[in-house]
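The values are calculated or read from the model by the stated rules, or taken from the named source; none is laboratory data. Since the model is a prediction, treat every value here as computed from it, not as a measurement. When we count neighbours, we look across all protein chains shown, and the Cβ atoms used for this are built from the backbone with ideal geometry, even at glycine. With ligands, DNA and RNA removed, areas are computed over all heavy atoms of the protein, side chains included. Shrake-Rupley method; radii C 1.70, N 1.55, O 1.52, S 1.80 Å.
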Amino acid sequence: MADGTVILDTAGVKRALTRIAHEILERNKGVDGLVLVGIRTGGVHLAREIVARLEEIEGATVPVGEVDITLYRDDFKGHAPHLPVGKTDIPFSLETKRVVLVDDVLFTGRTIRAAMDAIMDHGRPACIQLAVLVDRGHRELPIRADFVGRNVPTSLKEKIAVLFDAANRPTDVVLEK
Amino acid sequence: MGFKHKDIIGLQDLTREEIQLLLDTADNMKEINSRDIKKVPTLRGKTVVNVFYEASTRTRTSFEIAAKRLSADTINISASTSSVTKGETLSDTARNILAMKPDIIVMRHAASGAHHYLAQRVSCSVINAGDGAHEHPSQGLLDMLTMRQKFGTIEGLTVAIVGDITHSRVARSDIFGLTKMGAHVRLAGPPTMMPPGIERLGNVTVCRDMREAIEGVDVVMMLRIQLERQGKTLLPTLREYARYYGLNPQNLKLAKPGAMVMHPGPINRGVELSSYVADSDQSAILTQVENGVAVRMAMLYHVSGGELATE
């Protein structure tokens, strides 16, 4: 585990994800037309956790995809080594679907903006909702999450790390100063 | 690790890790080419100039599509429609293009080393789309990507390259790339088309004949006989070439079952490849073309993040 204060332990993360799953079902009145898309890489692991809970509760399959936002970043300045490009894998149509975008930490909102652009390039969903495990504030764009595991007011000097085990299951959320 | 080159002149200049990074990026970019909206905003506002001093359809189109899929603006200049026909030097052409503030120049030139010369004189990135008999790095990368997709890895593969090795920039890029990635390369071709000492490049074996070269290999890479250039002076007849160095269903049986057949195109049907082999399930020729776009997108992406040269 990284040095810092644990703000959500494993049990707390599990509870938060279960609550988010229930809130998603409540808001969307079930899983009809519902798909989850995780933002690589942390968001993908969390999306799979939420999908497992949704399927357990509803007994129905919920498609899950993953989106890499590297090619949609707004800080592409050129002449600085670029980030490695990851794989976007959305193996289903997004047309008229209710998309729940999942990420681990919501910060400036720029990643979410990029992810929404990427999703819109894949099709025109009926709506996009946002689920995050931690909202740490400091938004630079008018974006807010629909489902939040934990709101953690932070300073810009602090960092939030969501930790995963070898099987990509979330363990702790740590505040690093 | 990041990609720190301003230019891509050849695979000889790249490390194994850099080649791996380019292949990984291309592999992940392939998804963009299968969407309804085949475009990402990455190079929005960047200008890519394609300067082709030699005729090319496939490579130029592939680079143009790649640039457009990354949202760059593209301009094509061919020697036949430029001031080169009026006697302008490469240096002057470069200075004039540079005055238009491009971000990347993609160039094909008949002279080996032209790209190196250009890259030292311009601040924007230069990508080699083929220089004389030197290198054709994007073709080398797309060949490796095609092999990696089928076999999962390049390490440990045995690849036969057959044809005019001396004049083939594809062969040179393939040899540099494949041997760096851990493949073993066998070469075969008429003695008039085999450069002496090429085995010194590394894990390369020069074979006495084509049958020895393709025996038990995973991949057979057939090179195009460049009839418009040296073919006529180095070969008695095309029929004889096809007999001794052409790939047909009979000699293909010497390779591993299901071995992959590759060709950089365009094919001289009935010369280096029989039509039956070119159109068979073992042929990866169209997959190579498809992978070309993704590889060139990866090259454009990474050079635009390379370090500026100190002038």
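For each pair in A:Lys87/B:Lys68; A:Lys97/A:Lys159; A:Lys87/A:Lys157, compute the distance between the two Cα atoms and list the pairs where it is over 24 Å. Display every interim value, and only then the final one.
Values: A:Lys87/B:Lys68 20 Å; A:Lys97/A:Lys159 34 Å; A:Lys87/A:Lys157 31 Å.
The answer is A:Lys97/A:Lys159; A:Lys87/A:Lys157.
Hey, what do the phi angles of region B:93-100 turn into as Karplus ³J(HN,Hα) couplings, whole Hz, using 6.51/-1.76/1.60 and θ = phi - 60°, x for Gly and Pro?
Taking θ as phi minus 60°, the curve returns 4, 4, 4, 5, 5, 4, 5, 8 Hz for region B:93-100.
Just in region B:163-271: which GluC sites (Glu not before Pro) are loop by DSSP and have at most 15 other Cβ atoms within 10 Å? Intermediate values should be presented prior to the final figure.
Working: sites: B:Glu199, B:Glu212, B:Glu215, B:Glu228, B:Glu240; in loops: B:Glu215, B:Glu228.
Of the GluC sites (Glu not before Pro), the ones in loops of region B:163-271 whose Cβ has at most 15 other Cβ atoms within 10 Å are B:Glu215, B:Glu228.
Highest GNM mean-square fluctuation, chain A, Cα pairs closer than 10 Å: which of A:Phe92, A:Phe76, A:Phe147?
Its mean-square fluctuation being the largest, the pick is A:Phe76.
What's the total accessible area buried between chains A and B, using a 1.4 Å probe, rounded to the nearest 100 Å²?
Numbers: alone 9450 and 13730 Å², together 21330 Å².
Answer for the A-B pair: about 1800 Å² buried.
Roughly how compact is chain B, stated as its Cα Rg over 2.2 N^0.38 Å to two decimals?
Working it through for chain B, the quotient is 0.98.
For the protein assembly as shown, how big is the tail of P(r) above 34 Å, as a whole percent of Cα pairs?
46 percent
Just from its helices, what would the mean residue ellipticity at 222 nm be for chain B, if runs of 4 or more DSSP H residues each count -39500 (n - 2.57) and the sum is divided by every residue, rounded to the nearest 500 deg cm²/dmol? Before the final figure, lay out the partial values.
Working: 12 runs with 112 residues, N = 311.
Only helices count here, giving -10500 deg cm²/dmol.
Projected onto the charge dipole of the protein assembly as shown (+1 at Lys/Arg Cβ, -1 at Asp/Glu Cβ, origin at the Cα centre), which of B:Pro264, B:Ala99, A:Asn168 gives the Cα projection farthest towards the positive end?
Ranked along the dipole, the leading option is B:Ala99.
Kindly tabulate the residues in region B:288-302 with an accessible-area decrease of at least 10 Å² between the chain alone and the assembly of all protein chains, using a probe of 1.4 Å.
B:Tyr301, B:His302
If you take every DSSP beta bridge fully contained in chain B, what fraction is antiparallel? Give it as a percent rounded to 5.
On the way: 1 of 36 bridges.
Of all bridge pairs located within chain B, approximately 5 percent are antiparallel.
When the convex hull of the C-alpha atoms of region B:1-131 is computed, what volume per residue in Å³ does it have? Before the final figure, lay out the partial values.
Details: hull volume 15.0 nm³, N = 131.
So the per-residue Cα hull volume is 115 Å³.
Take every residue in peptide A:81-93, count the Cβ atoms of other chains within 10 Å of its Cβ, and give the average of those counts. Kindly include the intermediate steps, with their values, before the conclusion.
Values: counts 10, 10, 2, 8, 14, 3, 6, 6, 2, 2, 0, 0, 1.
Mean partner shielding for this stretch: 5.
Which residues, if any, in region B:38-69 lose at least 50 square angstrom of accessible heavy-atom surface (probe 1.4 Å) when the other protein chains sit next to their chain rather than the chain being alone?
Listed in order, they are B:Thr42.
What does the helix-only formula give at 222 nm for chain A: each DSSP H stretch with n ≥ 4 adding -39500 (n - 2.57), the total divided by the residues, and the result rounded to the nearest 500 deg cm²/dmol? Before the final figure, lay out each step's value.
Numbers: 3 runs with 49 residues, N = 177.
Helices in chain A give a 222 nm mean residue ellipticity of -9000 deg cm²/dmol.
Send over the per residue convex hull volume for region A:43-96, Cα only, as a whole number of Å³.
On the way: hull volume 5.8 nm³, N = 54.
Cα convex hull per residue, to the nearest whole number: 107 Å³.
Pull out the extension gain between B:Ser80 and B:Asp13, defined as 0.36 nm times the separation in residues minus the alpha carbon to alpha carbon distance; nm, one decimal.
Values: separation 67, 0.36 × 67 = 24.12 nm, distance 3.07 nm.
This chain segment gains 21.1 nm when fully extended.
In whole percent, what relative contact order does chain A give with Cα contacts below 8 Å and a gap of six or more residues? List each step's numbers first, then the result.
Working: 350 pairs, mean separation 48.1, N = 177.
Relative contact order here is 27 percent.
Between B:Arg44 and B:Thr61, what is the label-to-label distance in nm when each label sits 7 Å out along the Cα-to-Cβ direction?
Reported label-point gap for B:Arg44 and B:Thr61 is 2.9 nm.
Read phi for every residue in region A:25-31 and hand back ³J(HN,Hα) as whole Hz from Karplus 6.51 cos²θ - 1.76 cosθ + 1.60, θ = phi - 60°, with x for Gly and Pro.
Along region A:25-31, the couplings run 5, 4, 5, 9, 6, x, 10 Hz.
Counting Lys and Arg as +1 and Asp and Glu as -1, each charge on the Cβ, what is the dipole of the protein assembly as shown about the Cα centre in debye, to the nearest 20? Intermediate values should be presented prior to the final figure.
Values: 60 positive and 59 negative charges, 149 e Å.
Charge dipole, the protein assembly as shown, about its Cα centre: 720 debye, nearest 20.
So what is the accessible area of the protein assembly as shown per residue, in Å², with the probe set to 1.4 Å? The partial results should precede the final answer.
Working: 21330 Å² over 488 residues.
Solvent-accessible surface per residue comes out at 44 Å².
Under a point spin-label approximation (7 Å from Cα along Cα-to-Cβ), what is the B:Asn33-A:Thr61 distance to one decimal in nm?
According to this spin-label approximation, the distance is 2.9 nm.
Is the C-alpha gyration tensor of region A:1-90 telling us rounded, prolate or oblate? Criteria: a/c under 1.5 is rounded; beyond that, a/b larger than b/c is prolate, otherwise oblate. Spell out each step's value before the answer.
On the way: a/c = 2.90, a/b = 1.44, b/c = 2.02.
Judged from the Cα gyration tensor, region A:1-90 comes out oblate (a/c at least 1.5, b/c at or above a/b).
Between B:Val289 and A:Asp165, what is the FRET efficiency for a Förster distance of 51 Å, r being their Cβ-Cβ separation, to the nearest 0.05? Don't skip to the end; give the middle numbers.
Numbers: r = 43 Å, r/R0 = 0.84.
Once rounded, the FRET efficiency stands at 0.75.
In region B:137-289, carbon and sulfur make up what percent of the accessible area (probe 1.4 Å)?
Numbers: 3320 of 6370 Å².
After summing per-atom areas, the C and S share lands at 52 percent.
For region A:58-136 and region B:239-286, write down the distance between their C-alpha centroids in whole Å.
Measuring centre to centre over Cα atoms gives 44 Å.
What distance in nm separates the two pseudo spin-label positions at B:Asn203 and A:Arg19, each 7 Å out from Cα along the beta-carbon direction?
5.5 nm
On the principal axes of its Cα set, how long, how wide and how thick is region B:137-289? Give whole Å, largest value first.
Over region B:137-289, Cα extents along the principal axes are 40, 34, 27 Å.
Pick from B:Gly113, B:Gly163, B:Gly292: which residue has the top mean-square fluctuation in a GNM of chain B where Cα pairs under 10 Å get a spring?
B:Gly113
Normalised by the residues of chain B, what does the relative contact order come to in percent, with Cα pairs under 8 Å and at least six apart?
Working: 610 pairs, mean separation 70.4, N = 311.
Here the relative contact order equals 23 percent.
What span do the alpha-carbon atoms of chain A cover on each of the three principal axes, reported in whole Å from largest to smallest?
Each principal axis gives a Cα extent; for chain A these are 42, 41, 32 Å.
Springs between alpha-carbon pairs under 10 angstrom, Gaussian network model over chain A: which of A:Val152, A:Val51, A:Val105 fluctuates most?
Greatest mean-square fluctuation among the candidates belongs to A:Val152.
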